[in-house]
Amino acid sequence: GCGPHLQFAYSWPGAREGSEVWNGLHYLVREPPFGSAHLSDCDYSIDFSAVTKEDDRVAVIATSPLTDDEDWVEFERGQLILFDDGVPHMAPEDCEEVEFRNHGLVSSAIPAAPSLEVDMRRYRLRTSFFEGSGI
């Protein structure tokens, strides 16, 4: 994953070498009100209202729909979707909103960016430099 709230999913646009089959992805978002779901490959159902809380939301991503009584969304070939707290975001402006909520990428290998105040001191900028910029 990319962080505690964030997951990227990418649907490769072609088939694996030597294969004619496109290995696509599907997703669905489960959120209140929760109901039951029936697995498509065996006779088993689960009532999600019995095992979830009112503020739960999750995106389920799979190579094919796992249930036969829910509306799965198929990725387009080559589509990249950012999921934040279970909500799919496809437009760049949506991704920017996720960053502003501090739900962006988390990495132990890449150091965190310095705060604006640290950069201002480092480059000896005055706050008047940013007047009218909306920062």
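The values are calculated or read from the model by the stated rules, or taken from the named source; none is laboratory data. Computed from a predicted model, the values in this text were never measured in an experiment. Note that each Cβ is placed from the backbone with ideal geometry, even for glycine, and that neighbours are counted across all protein chains shown. For accessibility, only protein heavy atoms count, side chains too; no ligands or nucleic acids. Shrake-Rupley method; radii C 1.70, N 1.55, O 1.52, S 1.80 Å.
See the values below:
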| item | result |
| --- | --- |
| Condition met for SER64 (without any contact (Cβ under 8 Å) to a residue 60 or more places away in the chain, among the hydroxyl-bearing types (Ser, Thr, Tyr), over 15 Å from PHE8 (Cα atoms) and in contact with an Asp or Glu (Cβ under 6 Å, 6 or more places away or on another chain)) | no |
| Qualifying residue in the stretch 64-73 (condition: modelled with pLDDT of 90 or more, part of a strand (DSSP E or B) and over 21 Å from HIS5 (Cβ atoms)) | yes |
| Given (1) among the aliphatic types (A, V, I, L, M); (2) assigned to a loop (DSSP other than H, G, I, E, B); (3) modelled with pLDDT of 90 or more, number of the condition ALA37 does not satisfy | (2) |
| Leading residue by the ranking (farthest from the chain's Cα centre (by Cα)) among those in the stretch 83-102 that are of a type outside the set (A, V, I, L, M, F, W, C), surrounded by 10 or more Cβ atoms within 10 Å (Cβ to Cβ) and closer than 11 Å to LEU6 by Cβ | ARG101 |
| Close pairs from the stretch 118-130: first exposed (fewer than 10 other Cβ atoms within 10 Å of the Cβ), partner outside any helix (DSSP H, G or I), Cβ under 9 Å, at least 6 apart | ARG122/PRO114 |
| Residues located in the stretch 1-20, provided they are open to solvent by 90 Å² or more (accessible area, probe 1.4 Å) and either at pLDDT below 80 or over 15 Å from the mean Cα position of the chain (by Cα) (or both) | GLY1, PRO4, TRP12, ARG16, GLU17, GLU20 |
| Restricting the stretch 27-63 to residues that are within 25 Å of GLN7 (Cα to Cα) and surrounded by fewer than 10 Cβ atoms within 10 Å (Cβ to Cβ), the residue that is nearest to the chain's Cα centre (by Cα) | ASP55 |
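Residue-by-condition table, conditions (1) among the hydroxyl-bearing types (Ser, Thr, Tyr); (2) modelled with pLDDT of 90 or more:
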position: ASP43; (1), (2): no, yes
position: VAL51; (1), (2): no, yes
position: GLN79; (1), (2): no, no
position: PHE83; (1), (2): no, yes
position: GLU99; (1), (2): no, no
position: HIS103; (1), (2): no, no
position: SER115; (1), (2): yes, no
position: ASP119; (1), (2): no, no
position: GLY132; (1), (2): no, no
